[in-house]
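See below for the structure under consideration.
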Amino acid sequence: MSGRQPSGVRSIPVRAASGLVVCSGRLLQQSCFIRKLKGTKMKLQTRFLLSFLILVCAILVCPSDAQQSGRYIVTIQAPTEQAAEAVMRAGGSVIHVYDNIPAIAIQVPAQALAGLQRNPLIVDIEPDSIVSTMAKPPKQPPTPPAQTLPWGINRIDAEWAHAKDYLGQGAKVAVVDTGIDLTHPDLGVAGGINIINPAKSYADDNGHGTHVAGIIAARDNAIGVIGVAPAASLYAVKVLNRSGMGWTSDIMAGVDWCITEGMDVVNMSLGGGSYIQEFQNLCDAAAAAEVQIVAAAGNESGAVSYPAAYANVIGVSATDSSDAFASFSNFGIGVDIAAPGVSIYSTYKGGGYATLSGTSMAAPHVAGTLALSLNIFTTADDIELPAIQQGDGLVDAGEAATGIEDYGDDLP
Ligand SMILES: [Ca+2]
Ligand SMILES: [Ca+2]
Ligand SMILES: [Ca+2]
């Protein structure tokens, strides 16, 4: 993971569920500057003029000022409004107010942190962390051909499920990622949100989210590929920037949106950072709301990353077309199931197609099978890997739909 900061660093106005509108960071800086002016012997008129000039300057200097403060995820005592006021009094700003857990994401100057930790309204403060996608870079985007059945879709026998009319009709699947190509001829996007810049579209400026979306629900038509659940409704939740990087607090805001909007399945082909209690709480809230969350185990050949390792998140490792464990795949506690993740052909940004490898590609095979309303665990194939690598086994949409156990064969 590179040390590059995501573009969504600056503070943005947030509207809470209660209707509370939290001030943006730049407005706070304005009041801060005005406070500094108090006590000077300037004439009132001059002071007013200066306030105006400083307001304009404050907006321009916002990014550099933001670099000196940190982002945190904070569990609060209700009501949200009072906790938000405490943060703002400390010179900070509120980035997100979560609907489904008593928590907020904030940005505060480092020196204000100790004071906030003593505030009885604040239960817990965790540092925010950087999260990234879980795919290897693409080799070369091939030109779109006639529709083919990608090996991964064939291996999990999704085509058997399709023949039994398990197509994902009515299932709402959120791709929490870099966005989705909104005009791709092989995809249909039902809705979404851009968390990192709510004023902008949730179109994919990276390619990763579009690739994941195609594995889940590429349309059954004449072109390109077919997804696991070709009739499912796709929702693009853009939490990662053009470089595939993002903040945990933004990803949490995306999951929060998924719960509030009644998604059935949430795919997170991303991970990193460390355990954050608030993110675990949010995943618990999702489970209580019957939102199924699937996440990629990670590509470091090491321990399972977060969010895949959280309880109530289905962690997915990757296998290749010979059912061998992918050399890059993470393994250990947190792997619940395995799925194809090496040389996976799917949709890509710009209306194209690409072949990618990663646990990012494995997770959507599982998310798609869940979108078919099928039980993934009791039917998973034992491919004779250790449990720390395969979990319950390789996901098997075919057996789940037909009751027939027949590893990866053509239609019976
Ligand atoms: Ca097959
Ligand atoms: Ca297609
Ligand atoms: Ca099976």
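A few remarks follow.
- In units of the rule-of-thumb radius 2.2 N^0.38 Å, region 77-227 shows an alpha carbon radius of gyration of 1.46.
- Size of charge dipole - region 254-405 - debye, nearest 20, with Cβ of Lys, Arg +1 and Asp, Glu -1, no other charges: 500
- The residue 275 and residue 146 beta-carbon pair, evaluated with R₀ = 45 Å, returns a calculated FRET efficiency of approximately 0.45.
- Three-way shape call for region 132-402 based on the alpha-carbon gyration tensor, with the a/c threshold at 1.5: rounded
- Relative to the Cα centre, the charge distribution of region 132-402, modelled as +1 at Lys and Arg Cβ and -1 at Asp and Glu Cβ, gives a dipole magnitude of about 820 debye.
- Peptide packing: for 80-86, 117-123, the average count of neighbouring Cβ atoms within 10 Å per residue gives the ranking 80-86, 117-123, highest mean first.
- Global form of region 142-277, assessed from the alpha-carbon gyration tensor, a/c cut-off 1.5: prolate
- Taking the average, over residues, of other Cβ atoms within 10 Å as the packing measure, peptides 175-181, 297-303, 226-232, 255-261 rank 175-181, 226-232, 255-261, 297-303 from highest down.
- Averaging Cα coordinates gives a centre for region 260-333 and one for region 165-227; these two points are 19 Å apart.
- Peptides ranked, highest mean first, by Cβ atoms within 10 Å: ranges 304-312, 281-289: 304-312, 281-289
Readers should treat all values here as calculations from the given coordinates under stated rules, not as data from a laboratory. From a predicted model like this one, the values you see are computed outputs, not experimental measurements. Counting neighbours? That spans all protein chains shown, and the Cβs are built from the backbone with ideal geometry, glycine included.
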